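The values are calculated or read from the model by the stated rules, or taken from the named source; none is laboratory data. As the structure is a computational prediction, the values presented were derived from the model and not from experiment. Counting neighbours? That spans all protein chains shown, and the Cβs are built from the backbone with ideal geometry, glycine included.
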Number of protein chains: 2
Amino acid sequence: MPRYTAPTKDLQFIIHDVLKATESGIPGYDELEADFTGAVLEEAGKIASDVLQPLNTIGDTEGCTLENGVVRTPTGFKAAFEQVKEGGWPGLDMPEQYGGQNMPAIMGTAVGELFSASNQAFTMYQGLTHGAASAILAHGTDAQKDKYLPNMVSCEWTGTMNLTEPHCGTDLGLMRTKAAPQEDGSYKITGQKIFISSGEHDMAENIIHLVLAKIEGGPEGIKGVSLFIVPKFNVNDDGSLGARNGVAVGSIEEKMGIHGNSTCVMNYDEATGYLLGDEHKGMRAMFTMMNEARLGVGMQGLAQADAAYQNAVDYAKDRLQGRAVTGTENPEGPADPLIVHPDIRRSLMDQKSFTEGARAFLLWGATMIDDAHRSGNKDADGLVSLLTPVIKGFLTDQGYDMTVKAQQVYGGHGYIEEWGMSQYTRDARIAMIYEGANGVQALDLVGRKLAQDGGKHVMAFFDLVKTFCKDNSGQDEAYDADFIEPLKAASKDLQAAGMYFMQNGMKNPNHALAGSNDFMHMFGHVCLGLMWARMAKASREALASGTSDVAFHETKLTTGRYYMARQLPATALHLTRIQSGADTVMALDAANF
Amino acid sequence: MPRYTAPTKDLQFIIHDVLKATESGIPGYDELEADFTGAVLEEAGKIASDVLQPLNTIGDTEGCTLENGVVRTPTGFKAAFEQVKEGGWPGLDMPEQYGGQNMPAIMGTAVGELFSASNQAFTMYQGLTHGAASAILAHGTDAQKDKYLPNMVSCEWTGTMNLTEPHCGTDLGLMRTKAAPQEDGSYKITGQKIFISSGEHDMAENIIHLVLAKIEGGPEGIKGVSLFIVPKFNVNDDGSLGARNGVAVGSIEEKMGIHGNSTCVMNYDEATGYLLGDEHKGMRAMFTMMNEARLGVGMQGLAQADAAYQNAVDYAKDRLQGRAVTGTENPEGPADPLIVHPDIRRSLMDQKSFTEGARAFLLWGATMIDDAHRSGNKDADGLVSLLTPVIKGFLTDQGYDMTVKAQQVYGGHGYIEEWGMSQYTRDARIAMIYEGANGVQALDLVGRKLAQDGGKHVMAFFDLVKTFCKDNSGQDEAYDADFIEPLKAASKDLQAAGMYFMQNGMKNPNHALAGSNDFMHMFGHVCLGLMWARMAKASREALASGTSDVAFHETKLTTGRYYMARQLPATALHLTRIQSGADTVMALDAANF
């Protein structure tokens, strides 16, 4: 049975030593003293390890069951959900006005990693609710907020996002679900939605579905899509639950993983819905949810990678197999532990250096969200908007690969379900797909975000890297060689790729889009390179100032050097691919595939 | 439900246009006229598409069940196995003396791909039998061969390999299974083996287990390991089945995939065993099986990739989603098919260029095996021995990645089991693990094969590439630029990596082993680069000589150009990693992971 230990120390290091939260000037961050964040993370870590982790295998094995329209979650989920609610965790970063604790997104993200790492399928019930509540918070009327938010913030009621239909996922303009206006201002929603996570279950007394649909007679395509609140049970004006609405689960999907989450086909049959935001502006409203959800999904990539890594390390230390090539290290035993072998270490260092870099990247992203939301900082908003597809696409592609590497450490024991390593890969696999498949993230990055506001945000990113390199070089040769120079080289590759897109994408946009996946990955590497340079700087400073935790900071420096030497150079390969252009990609007639 | 179509045309192209089988001078190859091989592949393709493919999903869904010591295979498996046996497929490349058809390994490999692609779990029953029969053929006495082979060649009896025990897989010296010598020359085998593919099932009247065990009083460790034939039912001298032997299935493993194959815990309780080969030389005998099995596993990587690719292409052509960025391509429809989008094509071209290159690589390997076995060509034997870990490790790592890419093309539909794309990844995953995990393949390559016979074989490989480049350059600028130059550059990277190992591995072997995985992958890329250069040459010649199939050969050239431009440059990244050495890999104390 796998175990999970919250990386509290690493999170504290990032929040305080690297991002220097309390000094950042972001409203609310002055309260994030190390004692306080440490206590929050400690408590969340206990829930993760003691409550959620033991249910992870159970959720995978039992899955959800549908009988007579009722979905049952796996044994123990309901009790655990009560415990999470009682702890106030779902409302951690929600407004006090609606029962939340008003902490910044950085804390919600940090806690989210722990919950997700210990049980992704379970945590999705809460995660989707958070996303739906955020959309209501951003686009709802005061009456809607008052009606729905208190119960959603507490997770008494959960939420869902309903976008996909059998014939359309990415291209939502093809949507067929209809909304018929009623005289009382409500709508009758009719249609079928698929792949609805947490669509129906037995852990909440009501489920608030956010549903995209087309108002009859509205514009064609994506411009005619609106967003609706469709409660499972109608909510009376006094807040009590009214009649059951015309929405029902059709079936539960058999999936590769996240079995503990009920992925439902939802049928809407003249269900009463209430417009959320403006008519025909459903996509805009949905994107509030999507952007938040995309960061959350990027987080899942990292979370599964870390959980799998922790277990791979345990196994590599315990399992005795072969002898170290440089001489026996465990003379008392029949063999040496796996961890003496260079290729096992290579794999573990890949995992470790990714996970820690990704964690810093994600929390850095969260500070920008806080900065944008709490101080209205438009530059922060623009930068995090640029980085959102990178966080989602890179962290989930790489996160998945890391779970595969962790599984590989176990050899045959990684392939049988008994050890739980297969579940990490099966669960992590979905994150590359949902909330916009990673190809769509790459398209969003290259086709939209790069040029947004005249390319201002990508220029700001390059400036930021340049300034960092300038400000921090020339003080220590080893640091320059290990961190600054590789970061400069990788950033130069990224700029060259952007230049290639500008010069060739005008003539033929395929020259840009054929390189979009590579660009997303090289961007991710540069971000992790920057994070490692920043973490190494923080660790050097800690060591220079006589920290008592020398091992932690020395390990950080070594792990960073590994990333810079072994992972970051991938930017050159991505650039080569991008510069080969679209010709070989687009040359074949469809018939010749 | 996925479909599968045998790539008969591509196989014919490789066998005849690229490898020029009939002109090769390898004994038996003169019979491989195109009509003949075409007919064989056509028939095998029908079995694959019509018989095995429809059972693939059933096998995954039903799995094998164990009840009262009896293992039931999924519905339809038994009847299909009868059909495969009746067709004489299991004995295709086995000696006529034992009922086989005596075709060369290249034909066994080609047919094996089709069977494996359509149903890997099913084909393993036959594949393991083939491996066990090969070991008996190579190491058995005449009496043993006469006793076991006819029924194994026909698959009336199936075979297994028993190596792994709960506490040891890679490090077989730790083995605990004991063999007690009996007065009649037989042994009593006692111990437990795990992960035994096809260990027990209901499709054959007898199962011939090949079991590694230690003869009591023999040398310690791996030097005391011997190989034994342990039949499920003892075989009387007249060939009839005698008493049930002391071997029984303990349980069936719950696995991530290949559910249609029974992966068993096998318990040996004073089971009667017969020494195969020499005392204490069990590993040598087992390696006859292992080497064959490793090529077969590399083939599985390619096979699953191709099957998944074929379905991804279908889906990309059918599924309408979005519009081409360069202008609508399907004006009559509500959207364009996925295949218009550059990033979808990028993914499909990755898959296509890998699959076709890998197929050529594998069949080239098979010609060396035939050359070694049939003409005693020691150079061919040495070269294929060098390339075996590359074929196994590179083709299965990459093959798995390709199934993940194919699954990604389906978006959410790739994650639900209904479409069958999840099964391809789950089935393909095992190939990276069994028959020596890929880390062990990399270790075998760098730690053993590179230096074998004084490095003679790797030098021969470099000479071969060099000669090819020299002989084929200077005739066509485009061909030189697209194929020869990239191949030269990649080969140079590979040589530089070998040089790095020589210069640094002496001082500290970790400098070599920390780069072993990268070396295996760069070696694989160079091999596929060579295959693409050879295939492009063949297609150029076909086009120049006025082939009627212009589209096939033009497609081949485009696909090759894609590989050379987008995949082969990975060698530079692998070289960078290798040259970063072992320092960052080995620096951390185990406690600091």
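Restricting attention to the range B:236-251, the residues that are over 13 Å from B:Lys193 (Cα atoms) and not polar (S, T, N, Q) add up to 8. Restrict the check to the range A:357-375 and report whether at least one residue is over 30 Å from A:Arg284 (Cα atoms) and assigned by TED's automatic domain parsing to the domain that holds A:Asp314. Within the range A:357-375, one or more residues are over 30 Å from A:Arg284 (Cα atoms) and assigned by TED's automatic domain parsing to the domain that holds A:Asp314.
Surrounded by fewer than 20 Cβ atoms within 10 Å (Cβ to Cβ) and either touching a residue at least 24 places away in the same chain (Cβ under 8 Å) or part of a loop (DSSP other than H, G, I, E, B) (or both), is that true of B:Gly333? Here the answer is yes, as B:Gly333 does meet what is asked. Quick check on the range A:16-27. Is at least one of its residues closer than 22 Å to A:Val153 by Cα, part of a loop (DSSP other than H, G, I, E, B), free of Cβ contacts under 8 Å to residues at least 60 places away in the same chain and outside the structural domain of A:Ala406 (by TED's automatic domain parsing)? No, the conditions are met nowhere in the range A:16-27.
Of the residues A:Ala312, A:Ala305, A:Ala271, A:Ala243, the single one that is surrounded by fewer than 24 Cβ atoms within 10 Å (Cβ to Cβ), at pLDDT 95 or above and not acidic (Asp, Glu) is A:Ala243.
Is it true that B:Ala358 is surrounded by fewer than 22 Cβ atoms within 10 Å (Cβ to Cβ), under 28 Å from B:Asp463 (Cβ atoms) and not polar (S, T, N, Q)? Against the criterion (surrounded by fewer than 22 Cβ atoms within 10 Å (Cβ to Cβ), under 28 Å from B:Asp463 (Cβ atoms) and not polar (S, T, N, Q)), B:Ala358 does not qualify.
For the range A:415-435, a residue qualifies if it is under 20 Å from A:Leu302 (Cβ atoms) and assigned to a helix (DSSP H, G or I), and the qualifying residues are A:Met421, A:Ser422, A:Gln423, A:Tyr424, A:Thr425, A:Arg426, A:Asp427, A:Ala428, A:Arg429, A:Ile430, A:Ala431, A:Met432.
Considering the conditions (1) surrounded by fewer than 23 Cβ atoms within 10 Å (Cβ to Cβ); (2) more than 23 Å from B:His16 (Cα to Cα), B:Asp379 is excluded by exactly one of them, (2).
If only one of B:Ala478, B:Ala490 is out of contact with any strand residue (DSSP E or B) (no Cβ under 9 Å at 6 or more places or on another chain) and surrounded by fewer than 16 Cβ atoms within 10 Å (Cβ to Cβ), which one is it? Of the residues listed, the single one that is out of contact with any strand residue (DSSP E or B) (no Cβ under 9 Å at 6 or more places or on another chain) and surrounded by fewer than 16 Cβ atoms within 10 Å (Cβ to Cβ) is B:Ala478. Can we say B:Ile222 is at pLDDT 95 or above, β-branched (Val, Ile, Thr) and either more than 24 Å from B:Lys147 (Cβ to Cβ) or not in a helix (DSSP H, G or I) (or both)? In short, no. Just to check your reading of the model, which residue among B:Thr141, B:Thr160, B:Thr129 is surrounded by fewer than 21 Cβ atoms within 10 Å (Cβ to Cβ) and of a type in the set (Val, Ile, Thr)? Among B:Thr141, B:Thr160, B:Thr129, only B:Thr141 is surrounded by fewer than 21 Cβ atoms within 10 Å (Cβ to Cβ) and of a type in the set (Val, Ile, Thr).
Tell me whether the range B:568-578 contains one or more residues that are more than 7 Å from chain A (Cβ to nearest Cβ) and surrounded by fewer than 23 Cβ atoms within 10 Å (Cβ to Cβ). No; the residues of the range B:568-578 include none that is more than 7 Å from chain A (Cβ to nearest Cβ) and surrounded by fewer than 23 Cβ atoms within 10 Å (Cβ to Cβ). With respect to the numbered conditions (1) more than 20 Å from B:Ala406 (Cβ to Cβ); (2) in a helix (DSSP H, G or I), which one is the sole condition not fulfilled by A:Thr396? Tallying (1) more than 20 Å from B:Ala406 (Cβ to Cβ); (2) in a helix (DSSP H, G or I), A:Thr396 fails exactly one: (1).
Matching residues to (1) on the phi > 0 side of the Ramachandran plot; (2) surrounded by 18 or more Cβ atoms within 10 Å (Cβ to Cβ); (3) within 12 Å of chain B (Cβ to nearest Cβ); (4) part of a helix (DSSP H, G or I):
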site: A:Phe483; (1), (2), (3), (4): no, yes, no, yes
site: A:Asn504; (1), (2), (3), (4): no, yes, no, yes
site: A:Asn508; (1), (2), (3), (4): no, no, yes, no
site: A:Met531; (1), (2), (3), (4): no, yes, no, yes
site: A:Thr558; (1), (2), (3), (4): no, yes, yes, yes
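Taken together, the criteria exclude B:Met586 from residues that are aliphatic (A, V, I, L, M) and more than 7 Å from chain A (Cβ to nearest Cβ). Checked across the range B:315-323, the condition of being among the small types (Gly, Ala, Ser) and in contact with a strand residue (DSSP E or B) (Cβ under 6 Å, 6 or more places away or on another chain) holds for no residue.
If only residues of the range B:443-455 that are surrounded by fewer than 24 Cβ atoms within 10 Å (Cβ to Cβ) and assigned to a helix (DSSP H, G or I) are counted, the one that is nearest to the other protein chains (Cβ to nearest Cβ) is B:Gly447. Checking each residue in the range A:13-39 for being under 28 Å from A:Gln120 (Cα atoms) and surrounded by fewer than 19 Cβ atoms within 10 Å (Cβ to Cβ) picks out A:His16, A:Ala34, A:Asp35, A:Phe36, A:Gly38, A:Ala39. If you check A:Ala372, A:Ala358 for being closer than 17 Å to A:Met531 by Cβ, small (Gly, Ala, Ser) and away from chain B (no Cβ under 14 Å), only one passes: A:Ala358. When B:Val390, B:Val440, B:Val384 are screened for being within 14 Å of chain A (Cβ to nearest Cβ) and part of a helix (DSSP H, G or I), only B:Val440 passes.
So that you can scan it fast, the table gives a plain yes or no per residue for (1) touching a residue at least 40 places away in the same chain (Cβ under 8 Å); (2) β-branched (Val, Ile, Thr):
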{"site": "B:Gln408", "(1), (2)": "yes, no"}
{"site": "B:Gly411", "(1), (2)": "no, no"}
{"site": "B:Trp419", "(1), (2)": "yes, no"}
{"site": "B:Ile430", "(1), (2)": "yes, yes"}
{"site": "B:Asn438", "(1), (2)": "yes, no"}
{"site": "B:Arg448", "(1), (2)": "no, no"}
{"site": "B:Gln452", "(1), (2)": "yes, no"}
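Checking B:Asp518, B:Asp583, B:Asp549 one by one, the residue that is under 19 Å from A:Tyr562 (Cβ atoms) and without any contact (Cβ under 8 Å) to a residue 60 or more places away in the chain is B:Asp583 and no other. Only one of the numbered conditions (1) within 9 Å of chain B (Cβ to nearest Cβ); (2) buried (at least 20 other Cβ atoms within 10 Å of the Cβ); (3) assigned to a helix (DSSP H, G or I) is violated by A:Ala591, and that is (2). Given the structure, is B:Lys214 outside any loop (DSSP other than H, G, I, E, B), in contact with a Gly (Cβ under 6 Å, 6 or more places away or on another chain) and not hydroxyl-bearing (Ser, Thr, Tyr)? Spelling it out, B:Lys214 is indeed outside any loop (DSSP other than H, G, I, E, B), in contact with a Gly (Cβ under 6 Å, 6 or more places away or on another chain) and not hydroxyl-bearing (Ser, Thr, Tyr). Determine whether the range A:292-311 contains at least one residue that is without any contact (Cβ under 8 Å) to a residue 60 or more places away in the chain, within 32 Å of the chain's Cα centre (by Cα) and either more than 19 Å from A:Arg429 (Cβ to Cβ) or not in a helix (DSSP H, G or I) (or both). The answer is no; no qualifying residue exists.
Considering the range A:303-337, the residues that are among the hydrophobic types (A, V, I, L, M, F, W, C) and closer than 19 Å to A:Gly399 by Cβ include one that is farthest from the other protein chains (Cβ to nearest Cβ), namely A:Ala303. Residues that are in contact with an Asp or Glu (Cβ under 9 Å, 6 or more places away or on another chain) and part of a helix (DSSP H, G or I) within the range B:144-161 comprise B:Lys147, B:Pro150, B:Asn151, listed in sequence order. Condition (residue is surrounded by fewer than 23 Cβ atoms within 10 Å (Cβ to Cβ), within 7 Å of chain B (Cβ to nearest Cβ), under 19 Å from A:Gly59 (Cβ atoms) and among the β-branched types (Val, Ile, Thr)) applied to the range A:420-437: is it met by at least one residue? No; the residues of the range A:420-437 include none that is surrounded by fewer than 23 Cβ atoms within 10 Å (Cβ to Cβ), within 7 Å of chain B (Cβ to nearest Cβ), under 19 Å from A:Gly59 (Cβ atoms) and among the β-branched types (Val, Ile, Thr).
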